[in-house]
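Report on one structure; see the data block that follows.
The values are calculated or read from the model by the stated rules, or taken from the named source; none is laboratory data. Just so it is clear, the model here is predicted, and its values are computed rather than measured. A quick note on method: Cβ atoms are made from the backbone with ideal geometry, for glycine too, and the neighbour counts reach across all protein chains shown.
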Amino acid sequence: MSRRAEPTPVDEFDEKAARAELKRLAQAIAHHDRLYYEKDAPEVSDAEYDALRRRNTAIEERFPDLVRADSPSHRVGAAPATGFAKVTHAKPMLSLDNAFDEADVRAFFQSVRNFFRRPEDLERVDPASIEVAAEPKIDGLSCSLRYEHGRLVLAATRGDGVTGEDVTANVRTLRDVPHELHGSDWPARIEVRGEVYMERPGFFALNGEREAAGEPAFANPRNAAAGSLRQLDPAITAARPLKFFAYAWGEAAAPIAETHWQALQRFRAWGFRVNPLSKLCRGVDEVLAFHRDMAAQRAELPYDIDGVVYKVNDLDLEERLGFAARAPRWAIAHKFPAQQAQTVLKEIVIQVGRQGSLTPVAVLEPVTVGGVVVQRATLHNEDEIARKDIREGDTVTIQRAGDVIPQVVSVVMERRPRSSKPYAFPQECPICRSLAVREPGEAVRRCTGGLICPAQAVERLRHFVSRDAFDIEGLGARHIADFWEDRLIRSPADIFRLDYEAISRREGWGEQSAAKLREAIDARRTITLDRFIYALGIPQVGQQTAKLLARHYRSLTRWRTAMEQAQDRDGEAWRELNDIHGIGEDTATDVAGFFAEKHNRQLLDDLLREVTVAGYAGARPPADSPLAGKTIVFTGTLTAMSRSEAKTRAEALGATVSGSVSGKTDYLVVGADAGSKAEKARALGVKTMSEEEWLALAGR
Ligand code: IVH
């Protein structure tokens, strides 16, 4: 990418040039609006966007006769929010695991059943008769409403689940959201959660108005709801037909019910709308019937649903089931089948990932699938293209299910152009031209350019600043590519040493936007350990694995020391890493492998001169927990709890659960028929506990 020419100053324009520039700006701003409002995927920072609008206004002021009918300055409220305050949720807002068919649903109920051991529990969790609240899964955006002493004090979007955006002023304009809870039997502090959504008739009417005003239409009701909630001016939100259904809660100063169903009734009494289609079911067969019923009603409902949600009704069971890394164990979303459409595949382009993988992507003739305009679809890898014999120019069937990336299902052979040729997968990196090789047994071809490949470098940096990593706003993909090209940013640490003077002189930048970028970057000089680990982009280390590592090691120094020691594959540190539940040997190899590379260690040292890594920010155990900070190992068969319930409980109490006994073990809990671990513990002088003693300590 080359440096763009400096823009012509506004006072040097003649009429002809001004007209051309106004046209260009109108198109550019409409394009960015579309990306921002409909795709929620802006390519430029808010600062750059603001600069375009300011330039447009300045030219219009000089040439009032040239103001276009579709001028961006006619559009009130189109300016994107320059940012809402971030709020950390008192309790994280997790998402749900998905079930796609009956077998998945049955497996879910079986896993609930297998979590428990006691006879009195087993009666309540029998898949044939378990009580389950079944609710339509509304396709909107979730929102958490915090009430203190019955008053609405904060409304926040889900964001990444840990931090969201403060949208209180906007949410106050929703008729479905009481400013004060009705009645008086509510806890002093309660977070009511649910879905903000837009009904289809309101959505069509809104799009009609927008089109009449020359504004871009929203792609679907969900995007319209999100765009409406994220308005800086609450008056605009107020004019949009937004609705709210309550279906969950976060922090509560006191228990609100014994069952989910009762909780819903309480929400209703407090003045919320609760979906009247929700149903209290008994047993798997009843929930499956509910799913069929909702699928049949779907088209007639005034709002979009993309499936149904099942929730274990008994809140005591729910609490004990707790959460896995990403989603609760007590609920699941049963999605409706994917929706399909046909369109022309215009071109196959290759994307280079941060580890050099070459991923083919289909560029499509835009088509609407289930209310969403699709323009690109993943093709996975070269075997997939060969297996389906997908070619450029083909008419293809694509499908999308919920929020997953659209896929190419098959080729409509009857419509294949005669001239078509099989697709030849490139043997070299399209960016750096290095050889791209495919290791035996691997599905992906990788660029061998390594550190010299700009695509890989830029992708690594993009990952580094992405939302779930350092979350640096205003440093978009295009900036990174430009800054990389101009050698302003070559390594992660460079981001924190930018020359803002130089940036403010660049095309599209100014002092203000450079200062804003500096602010955004400086705001991220302190980061939690899990985000930091994730940001490093170690192969196979996604958000979940990063969280597992952070939760286990708790501080960067401890993790780093352990990883350096883990280079010794016979040592304790390597075993400990492999023992972390959820980390397999492959992942452990990659994690330890990262520290084997000198340039990675240097990158870390360099980065740590710029940023501070705070400890793990996950849920804190109760301060008085006797197990806080202890390492505990379970062995033998437990009678009152399954192994996973025991583990969940131990972790909730702040303990780390390990699979093997070592010098670092604090307690070994010995169930029936325990084997060699008990002997080893005795030899090492580790304290052992019976199951009864464990139950007394775990408080159940
Ligand atoms: S319960 C921890 N209930 O689906 C459980 N979610 O895929 C929290 N959603 O983020 C969610 N209708 O935005 C729940 N009846 C319902 C829902 C629902 C829609 C959305 C919600 C959530 C997403 C998870």
* The lone exception for A477 - which of (1) in contact with a Lys or Arg (Cβ under 9 Å, 6 or more places away or on another chain); (2) closer than 19 Å to R601 by Cα it fails -> (2)
* Hey, does segment 223-230 have a residue that's more than 28 Å from the chain's Cα centre (by Cα), in a helix (DSSP H, G or I) and either within 13 Å of the ligand (Cβ to nearest atom) or surrounded by 20 or more Cβ atoms within 10 Å (Cβ to Cβ) (or both)? -> no
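Based on this model, can you work out whether G474 counts as under 22 Å from G353 (Cα atoms) and either β-branched (V, I, T) or touching an Asp or Glu at 6+ places or on another chain (Cβ under 8 Å) (or both)? I'd like the intermediate steps shown before the answer.
On the way: under 22 Å from G353 (Cα atoms): yes; either β-branched (V, I, T) or touching an Asp or Glu at 6+ places or on another chain (Cβ under 8 Å) (or both): yes.
The answer is yes for G474.
For A155, are the conditions met, namely being crowded, with 20+ Cβ neighbours inside 10 Å, closer than 30 Å to A289 by Cβ and within 16 Å of the ligand (Cβ to nearest atom)?
Working: crowded, with 20+ Cβ neighbours inside 10 Å: yes; closer than 30 Å to A289 by Cβ: no; within 16 Å of the ligand (Cβ to nearest atom): yes.
The answer is no for A155.
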* Within segment 163-175, track down each residue that is assigned to a loop (DSSP other than H, G, I, E, B) and either modelled with pLDDT of 95 or more or touching a helix residue (DSSP H, G or I) at 6+ places or on another chain (Cβ under 9 Å) (or both). => V167, R172, T173, L174
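Here is a yes/no grid of residues against (1) at negative phi; (2) more than 23 Å from the chain's Cα centre (by Cα):
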| position | (1), (2) |
| --- | --- |
| P119 | yes, yes |
| E123 | yes, yes |
| R158 | yes, no |
| G161 | no, no |
| S184 | yes, yes |
| R189 | yes, yes |
| M198 | yes, no |
| P201 | yes, yes |
* Asked: How many residues does segment 487-505 hold that are in contact (Cβ under 8 Å) with a residue 24 or more places away in the chain and surrounded by 15 or more Cβ atoms within 10 Å (Cβ to Cβ)?
  -> 6
* **Pairs, first closer than 16 Å to H149 by Cβ and acidic (D, E) in segment 244-271, second more than 14 Å from the ligand (Cβ to nearest atom) and in a strand (DSSP E or B), C-beta under 8 Å, six or more apart** => E251/R146; E251/R189; E251/I190
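On the basis of being among the charged types (D, E, K, R), buried (at least 19 other Cβ atoms within 10 Å of the Cβ) and in contact (Cβ under 8 Å) with a residue 12 or more places away in the chain, does R609 make the cut? First the steps, then the outcome.
Working: among the charged types (D, E, K, R): yes; buried (at least 19 other Cβ atoms within 10 Å of the Cβ): no; in contact (Cβ under 8 Å) with a residue 12 or more places away in the chain: yes.
For R609, the condition - among the charged types (D, E, K, R), buried (at least 19 other Cβ atoms within 10 Å of the Cβ) and in contact (Cβ under 8 Å) with a residue 12 or more places away in the chain - is not met.
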* Asked: Pick from L461, L475: which is touching a residue at least 12 places away in the same chain (Cβ under 8 Å), in a loop (DSSP other than H, G, I, E, B) and surrounded by 21 or more Cβ atoms within 10 Å (Cβ to Cβ)?
  -> L475
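Per-residue answers, yes or no, for (1) at pLDDT 95 or above; (2) surrounded by fewer than 20 Cβ atoms within 10 Å (Cβ to Cβ):
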residue: R326; (1), (2): no, yes
residue: P337; (1), (2): no, yes
residue: R354; (1), (2): no, yes
residue: L358; (1), (2): yes, no
residue: A362; (1), (2): yes, no
residue: V373; (1), (2): no, yes
residue: E382; (1), (2): no, no
* Asked: Within segment 296-315, restricting attention to residues that are modelled with pLDDT of 95 or more and more than 11 Å from the ligand (Cβ to nearest atom), which residue is surrounded by the most Cβ atoms within 10 Å (Cβ to Cβ)?
  -> V312
